[in-house]
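Colleague: Just passing along the structure, written as structure tokens.
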Protein chains: 2
Amino acid sequence: VSRPRTAAVICAGTELTEGIIQDTHVRFLSSELTAMGFTVVRGVQVPDNRGLFSEELARAVKDARVVVISGGLGPTSDDLTREIVAEAAGVPLEFHDEAWAAIKERFRGRSLPESNRKQAMAPRGFPLLANPNGTAPGFYGMVESALVVALPGPPSELRPLWTSRAAALLAERFDAPGAADVLWGTSLMVPESALEEALRDTGVEGVTWGTRVDEDRISFSLRGGDEERRARAFKDLTRHLGPVRIRAGDRKPAELLTQALRGAGVTLVTAESCTGGLLGKWMTDLPGSTAVYWGGIVAYSNEAKIRLLGVDARILEAAGAVSEQAVLAMAVGALDRSGAGLAVAVSGIAGPDGGTAEKPVGTVWAASARQGDARAVKFSFAGSRDLVRRRSAVASMLLAEAFLGGKGFLDTFANW
Amino acid sequence: VSRPRTAAVICAGTELTEGIIQDTHVRFLSSELTAMGFTVVRGVQVPDNRGLFSEELARAVKDARVVVISGGLGPTSDDLTREIVAEAAGVPLEFHDEAWAAIKERFRGRSLPESNRKQAMAPRGFPLLANPNGTAPGFYGMVESALVVALPGPPSELRPLWTSRAAALLAERFDAPGAADVLWGTSLMVPESALEEALRDTGVEGVTWGTRVDEDRISFSLRGGDEERRARAFKDLTRHLGPVRIRAGDRKPAELLTQALRGAGVTLVTAESCTGGLLGKWMTDLPGSTAVYWGGIVAYSNEAKIRLLGVDARILEAAGAVSEQAVLAMAVGALDRSGAGLAVAVSGIAGPDGGTAEKPVGTVWAASARQGDARAVKFSFAGSRDLVRRRSAVASMLLAEAFLGGKGFLDTFANW
């Protein structure tokens with residue numbers, strides 16, 4: 001049974017179901033439709049096969065109020081979208097003189113294969129969507145109770161046509177809202193399952209949530225209810241997990257640290273062992289990072305810690321490279337040898353080898369230092385080498401941010 | 001009506017139908033299944049919704065003999081794959097002690113959320129597919145007349161599990177060609193469209209190909225024909241694009257450089273400006289990198305280039321930080337200040353700002369140095385900040401590898 005503001009996306013092309021090309025339309029169109037308040041019930045890649053494609057369309061017009069089809073508008077016999085939509089709508093195909101003129105115009109007098117005439121056809125009663133970037137126009141119209149919008153397959157044709165024509169059409173017909181009814185937040189250093197538990201516990205009537213896992217954070221959205229209720233759910237979650245790990249908006253850890261650095265008017269130097277350059281990479285992912293990121297040292301070997309950071313060899317011998325003393329010496333050394341106002345250092349055992357009973361894989365020390373002050377914190381992370389490294393980078397960025405803000409960060413970080 | 005060797009792919013996740021993340025599994029699995037002789041009848045992205053997901057599975061087991069499901073195996077209530085497959089098969093869920101032990105082992109004694117117990121469950125009678133790269137095992141079994149294979153959603157977990165277990169399972173059950181009938185290669189620094197053109201041009205009868213795009217390379221597979229024909233196609237491709245850009249096997253650039261460093265018995269120091277730590281990160285992604293990676297300097301600001309690498313301030317003033325002189329000074333400075341036998345340096349304009357008429361965005365200099373010898377090469381890269389940075393890292397790794405091998409690398413790199 002079709003609900004209001006439901007949508008389905010069908011991408012036609014055997015090259016998609018043979019894995020020859022990567023579909024990107026489902027993501028693009030789903031993101032656009034979701035922002036307009038539609039629930040996308042499915043995205044499908046279907047081969048250029050009459051039976052499979054017809055069946056897919058028949059199902060989509062039952063399940064959704066809007067069906068967007070991409071592809072299948074070329075001039076060859078494989079291109080079935082026109083015929084299949086016309087058949088589903090129970091109307092014949094109709095030739096459009098002005099579309100044919102536009103196609104001939106694109107060929108600028110060169111001889112035009114007869115098969116291209118097909119591209120000037122559309123189901124009767126379906127207005128065309130003129131395509132300034134290719135030969136095939138799109139079209140739209142009703143099939144049963146669904147609005148079907150057919151767009152050309154090449155991304156360079158589909159995206160402009162969607163933006164300039166199709167999106168406006170849908171907004172008008174469905175009185176669609178914008179992205180205003182969603183509250184976005186970010187969760188840092190919280191395992192997915194623990195975040196979900198916390199989200200479930202913070203139940204506010206009418207507010208639902210979704211999560212998005214990235215390499216450096218989990219973003220979450222609170223939807224439904226009204227603005228006040230979404231704000232209440234967010235506040236509950238913050239009380240539950242703490243203001244260091246729950247942030248307003250969709251924010252990368254590097255953005256949060258950059259903001260703190262800008263606020264304090266200082267630049268950052270990084271001293272990385274186990275993360276091997278990841279801290280620097282994340283800082284410089286952001287355009288304009290020159291203003292806040294001074295540079296760094298990847299002190300991967302012990303010799304690098306000694307020669308590039310001035311860490312005392314006796315510390316490394318006595319306490320080891322993964323120790324409070326070593327990571328503090330790394331932070332202080334980086335601060336002294338740079339022109340930066342804040343240093344962050346991280347040293348840990350990322351695995352899969354190198355762990356001991358005393359210092360198992362996942363043991364990580366991070367430190368932050370500024371003139372006359374330095375603090376170190378120990379973490380125990382689970383997971384693969386990749387995960388331990390990413391968690392180490394996030395943790396040390398948050399530590400640097402907290403240190404800069406003068407917060408009682410040791411309490412905050414104690415139970416991670 | 002199900003035909004032999006028909007397959008369907010279902011990707012579960014609301015993040016897919018909200019356009020938050022890009023699905024890549026349909027392409028990967030379709031390519032693999034097509035190469036094994038399966039006809040993929042559809043690929044679907046379906047939200048974490050019980051009704052929609054169940055309906056999708058019911059339809060897939062009617063239309064295809066093999067149904068591959070990705071995702072929905074996490075610990076949260078959104079993760080529905082286990083329940084939905086069990087229900088479709090008409091069996092209850094069963095708890096697997098050995099899977100639970102493996103999950104606990106991954107958490108290394110830390111407290112484990114109760115919700116993770118769910119990940120040790122599978123439909124009764126469905127053998128598990130142990131997942132060495134994550135907590136959630138996959139599983140497989142019959143639903144009506146279809147073999148259903150459920151795999152974890154993260155690509156870093158799905159792909160190895162597919163390759164090591166699921167593909168072999170299908171090859172055996174359907175008498176399909178296995179992994180032995182595939183020749184894998186890697187293409188570096190070649191745009192996807194140029195690689196496809198080259199692959200098309202190197203047509204050897206009966207040999208088909210597929211590609212897989214990663215952040216640091218494009219892997220490609222040659223399938224069909226016989227061993228001799230696949231080798232011939234590979235040789236043609238190498239002749240066309242050159243032996244630096246086409247490599248045997250699926251190899252990361254960091255692996256190739258690591259191999260060259262091991263062979264020469266030297267360690268590497270990196271001096272990075274525009275890549276900001278990415279070179280170091282890629283080197284240390286590989287376990288055991290301590291043996292070949294000494295460490296590095298992220299000389300992002302000019303002051304860092306001067307203070308940490310000893311670059312003469314007059315060079316930066318006269319020629320700029322993105323110049324042959326600067327990048328050579330960076331490489332030589334890193335070599336001198338480290339205990340490493342080989343240095344690689346990279347400095348460029350990654351954008352989006354900072355370009356000039358003379359040095360547009362995408363202008364990148366890379367250099368490599370060892371005792372008594374240094375060479376620099378200029379590149380002009382197209383694309384986003386992220387793409388320019390990744391291309392810079394790959395190019396400088398290949399330069400270091402070629403420099404170490406004593407190849408006439410300037411000729412090789414001249415027309416990139």
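Colleague: Could you tell me whether segment A:93-106 includes any residue that is touching a strand residue (DSSP E or B) at 6+ places or on another chain (Cβ under 7 Å) and assigned to a helix (DSSP H, G or I)? It would help to see each step written out before you state the result.
Modeller: To start, the set of residues in segment A:93-106 that are touching a strand residue (DSSP E or B) at 6+ places or on another chain (Cβ under 7 Å) comprises A:93-96, A:99.
From what is left, the residues that are assigned to a helix (DSSP H, G or I) are A:99.
Yes, the conditions are met somewhere in segment A:93-106.
Colleague: Kindly establish whether A:Gly354 is out of contact with any strand residue (DSSP E or B) (no Cβ under 6 Å at 6 or more places or on another chain), on the phi > 0 side of the Ramachandran plot and within 11 Å of chain B (Cβ to nearest Cβ).
Modeller: Yes, satisfied.
Colleague: From A:Val364, A:Val388, A:Val344, which residue is within 14 Å of chain B (Cβ to nearest Cβ), buried (at least 24 other Cβ atoms within 10 Å of the Cβ), within 19 Å of A:Gly295 (Cα to Cα) and not polar (S, T, N, Q)?
Modeller: Exactly one of A:Val364, A:Val388, A:Val344 is within 14 Å of chain B (Cβ to nearest Cβ), buried (at least 24 other Cβ atoms within 10 Å of the Cβ), within 19 Å of A:Gly295 (Cα to Cα) and not polar (S, T, N, Q), namely A:Val344.
Colleague: Since B:Asp78 meets every condition but one in (1) within 14 Å of another protein chain (Cβ to nearest Cβ); (2) modelled with pLDDT under 95; (3) in a helix (DSSP H, G or I), which condition does it not meet?
Modeller: Status for B:Asp78: all satisfied but (3).
Colleague: Would you confirm, using the coordinates I've provided, whether A:Leu257 is under 24 Å from the mean Cα position of the chain (by Cα), open to solvent by less than 10 Å² (accessible area, probe 1.4 Å), more than 13 Å from chain B (Cβ to nearest Cβ) and modelled with pLDDT of 95 or more? Walk me through how you get there before you give the answer.
Modeller: Working: under 24 Å from the mean Cα position of the chain (by Cα): yes; open to solvent by less than 10 Å² (accessible area, probe 1.4 Å): yes; more than 13 Å from chain B (Cβ to nearest Cβ): yes; modelled with pLDDT of 95 or more: yes.
Against the criterion (under 24 Å from the mean Cα position of the chain (by Cα), open to solvent by less than 10 Å² (accessible area, probe 1.4 Å), more than 13 Å from chain B (Cβ to nearest Cβ) and modelled with pLDDT of 95 or more), A:Leu257 qualifies.
Colleague: A follow-up question, please. Take the residues in segment A:367-385 that are among the polar types (S, T, N, Q) and open to solvent by 10 Å² or more (accessible area, probe 1.4 Å), then tell me which one is farthest from the other protein chains (Cβ to nearest Cβ). Break it down stepwise before answering.
Modeller: Filtering segment A:367-385 for residues among the polar types (S, T, N, Q) gives A:368, A:371, A:380, A:384.
With the extra rule that they be open to solvent by 10 Å² or more (accessible area, probe 1.4 Å), the set shrinks to A:371, A:380, A:384.
Details: A:Gln371: 17, A:Ser380: 7, A:Ser384: 6 Å.
Among those residues, the one meeting the criterion is A:Gln371.
Colleague: Something else: Taking segment B:289-302, which residues are of a type outside the set (A, V, I, L, M, F, W, C) and either in a helix (DSSP H, G or I) or surrounded by fewer than 21 Cβ atoms within 10 Å (Cβ to Cβ) (or both)?
Modeller: B:Ser289, B:Thr290, B:Asn302
Colleague: I would also like to ask the following. Would you check if A:Glu192 is charged (D, E, K, R) and crowded, with 16+ Cβ neighbours inside 10 Å?
Modeller: So A:Glu192 passes the test.
Colleague: Taking segment B:195-217 only, how many residues are under 20 Å from B:Arg245 (Cβ atoms) and open to solvent by 40 Å² or more (accessible area, probe 1.4 Å)?
Modeller: Final tally of qualifying residues: 8.
Colleague: Determine if segment A:46-53 includes at least one residue that is touching a strand residue (DSSP E or B) at 6+ places or on another chain (Cβ under 6 Å), without any contact (Cβ under 8 Å) to a residue 40 or more places away in the chain and open to solvent by less than 20 Å² (accessible area, probe 1.4 Å).
Modeller: yes
Colleague: Given segment A:210-288, what helices (runs of 4 or more DSSP H) lie entirely inside it while holding 3 or more residues that are closer than 22 Å to A:Leu195 by Cα and touching a strand residue (DSSP E or B) at 6+ places or on another chain (Cβ under 8 Å)?
Modeller: A:227-241
Colleague: Now for a different question. Give me the residue from segment A:173-189 that is at pLDDT below 85 and out of contact with any Ser or Thr (no Cβ under 8 Å at 6 or more places or on another chain) and, out of that set, surrounded by the most Cβ atoms within 10 Å (Cβ to Cβ). Walk me through how you get there before you give the answer.
Modeller: Here is the first cut: in segment A:173-189, the ones at pLDDT below 85 are A:175-182.
Among the residues that remain, those that are also out of contact with any Ser or Thr (no Cβ under 8 Å at 6 or more places or on another chain) are: A:175-181.
Numbers: A:Asp175: 10, A:Ala176: 16, A:Pro177: 13, A:Gly178: 10, A:Ala179: 11, A:Ala180: 9, A:Asp181: 14.
In this case the residue turns out to be A:Ala176.
Colleague: Restricted to segment B:108-140, and to residues that are crowded, with 16+ Cβ neighbours inside 10 Å and in a helix (DSSP H, G or I), which residue is nearest to the chain's Cα centre (by Cα)?
Modeller: Checked segment B:108-140; the qualifying residue nearest to the chain's Cα centre (by Cα) is B:Gln119.
Colleague: Please indicate, with yes or no, whether at least one residue in segment B:14-27 is at positive phi and open to solvent by less than 40 Å² (accessible area, probe 1.4 Å). Reasoning before the result, please.
Modeller: In the first step, residues of segment B:14-27 are kept if they are at positive phi; the result is B:19.
If we keep only those that are open to solvent by less than 40 Å² (accessible area, probe 1.4 Å) as well, we get B:19.
Yes, segment B:14-27 has at least one match.
Colleague: Please enumerate the residues belonging to segment B:260-288 that are within 21 Å of B:Ser219 (Cβ to Cβ), surrounded by fewer than 23 Cβ atoms within 10 Å (Cβ to Cβ) and within 14 Å of another protein chain (Cβ to nearest Cβ).
Modeller: Of everything in segment B:260-288, those that are within 21 Å of B:Ser219 (Cβ to Cβ), surrounded by fewer than 23 Cβ atoms within 10 Å (Cβ to Cβ) and within 14 Å of another protein chain (Cβ to nearest Cβ) turn out to be B:Asp285, B:Leu286, B:Pro287.
Colleague: Among the residues of segment A:218-240, is any under 27 Å from A:Met330 (Cα atoms), open to solvent by less than 10 Å² (accessible area, probe 1.4 Å), under 25 Å from the mean Cα position of the chain (by Cα) and at the interface with another protein chain (Cβ under 10 Å from one of its Cβ atoms)?
Modeller: no
Colleague: A further question on this structure: Looking only at segment A:302-310, decide whether some residue is more than 10 Å from every other protein chain (Cβ to nearest Cβ) and either in contact with a Ser or Thr (Cβ under 9 Å, 6 or more places away or on another chain) or at pLDDT 95 or above (or both). Spell out the reasoning first.
Modeller: As a first pass, look at segment A:302-310 and keep what is more than 10 Å from every other protein chain (Cβ to nearest Cβ): A:310.
From the residues that got through so far, the ones that are either in contact with a Ser or Thr (Cβ under 9 Å, 6 or more places away or on another chain) or at pLDDT 95 or above (or both) too are A:310.
Yes.
Colleague: With the requirement that a residue be touching a strand residue (DSSP E or B) at 6+ places or on another chain (Cβ under 8 Å) and surrounded by fewer than 19 Cβ atoms within 10 Å (Cβ to Cβ), what does segment B:142-156 give you?
Modeller: Looking only at segment B:142-156, we keep the residues that are touching a strand residue (DSSP E or B) at 6+ places or on another chain (Cβ under 8 Å), and these are B:142-143, B:146-153.
B:Met142 - this is the single residue of segment B:142-156 that is touching a strand residue (DSSP E or B) at 6+ places or on another chain (Cβ under 8 Å) and surrounded by fewer than 19 Cβ atoms within 10 Å (Cβ to Cβ).
Colleague: Is at least one residue of segment A:106-121 more than 25 Å from A:Ala8 (Cα to Cα) and of a type in the set (Ser, Thr, Tyr)?
Modeller: Going residue by residue through segment A:106-121, those that are more than 25 Å from A:Ala8 (Cα to Cα) are A:106-118, A:120.
Imposing the further condition that a residue be of a type in the set (Ser, Thr, Tyr) reduces the set to A:111, A:115.
Checked segment A:106-121: at least one residue is more than 25 Å from A:Ala8 (Cα to Cα) and of a type in the set (Ser, Thr, Tyr).
Colleague: Going through segment A:29-43 one residue at a time, which ones are touching a helix residue (DSSP H, G or I) at 6+ places or on another chain (Cβ under 6 Å) and either over 21 Å from A:Ala167 (Cβ atoms) or facing chain B (nearest Cβ under 7 Å) (or both)?
Modeller: Correct list: A:Ser30, A:Val40, A:Val41, A:Gly43.
Colleague: In contact with a helix residue (DSSP H, G or I) (Cβ under 6 Å, 6 or more places away or on another chain) and over 15 Å from A:Ile10 (Cα atoms): is that true of B:Gln22 in this structure?
Modeller: Taking the combined requirement at face value, the residue satisfies it.
Colleague: Now a separate question. What tally of residues in segment A:13-28 results from selecting those that are over 18 Å from B:Gly37 (Cα atoms), facing another protein chain (nearest Cβ under 7 Å) and not aromatic (Phe, Trp, Tyr)?
Modeller: Counting residues in segment A:13-28 that are over 18 Å from B:Gly37 (Cα atoms), facing another protein chain (nearest Cβ under 7 Å) and not aromatic (Phe, Trp, Tyr) gives 5.
Colleague: For B:Ile315, all conditions in the list (1) in contact with a strand residue (DSSP E or B) (Cβ under 8 Å, 6 or more places away or on another chain); (2) farther than 22 Å from B:Gly383 by Cβ; (3) in a helix (DSSP H, G or I) hold save one; what is the number of the exception?
Modeller: For B:Ile315, the failing item is (1).
Colleague: Contact list please: Cβ distance under 6 Å, first residue in segment B:303-327 and open to solvent by 60 Å² or more (accessible area, probe 1.4 Å), second residue assigned to a loop (DSSP other than H, G, I, E, B), pairs at least six apart or on different chains.
Modeller: Cβ pairs passing all conditions: B:Glu303/A:Gly339; B:Gln325/B:Ala319.
Colleague: Pairs needed: first member in segment A:86-103, more than 8 Å from A:Pro123 (Cβ to Cβ) and modelled with pLDDT of 95 or more; second member anywhere, open to solvent by less than 50 Å² (accessible area, probe 1.4 Å) and of a type in the set (Ser, Thr, Tyr); C-beta distance under 9 Å; at least 6 residues apart or different chains.
Modeller: Taking only residues 6 or more apart or on different chains, the pairs are A:Glu87/A:Ser54; A:Ala88/A:Ser54.
Colleague: Looking at this structure, is A:Leu161 more than 22 Å from the chain's Cα centre (by Cα) and outside any loop (DSSP other than H, G, I, E, B)?
Modeller: Details: more than 22 Å from the chain's Cα centre (by Cα): yes; outside any loop (DSSP other than H, G, I, E, B): yes.
When the stated conditions are applied, A:Leu161 passes them.
Colleague: Here are the criteria: (1) at pLDDT below 95; (2) in contact with a Ser or Thr (Cβ under 8 Å, 6 or more places away or on another chain). Tell me which single one B:Asp411 does not satisfy.
Modeller: (2)
The values are calculated or read from the model by the stated rules, or taken from the named source; none is laboratory data. Just so we're clear, the structure is a prediction, and the values are computed from it rather than from any experiment. Counting neighbours? That spans all protein chains shown, and the Cβs are built from the backbone with ideal geometry, glycine included. Quick note on the areas: whole protein, heavy atoms, side chains included, nothing else; ligands and nucleic acids left out. Shrake-Rupley method; radii C 1.70, N 1.55, O 1.52, S 1.80 Å.
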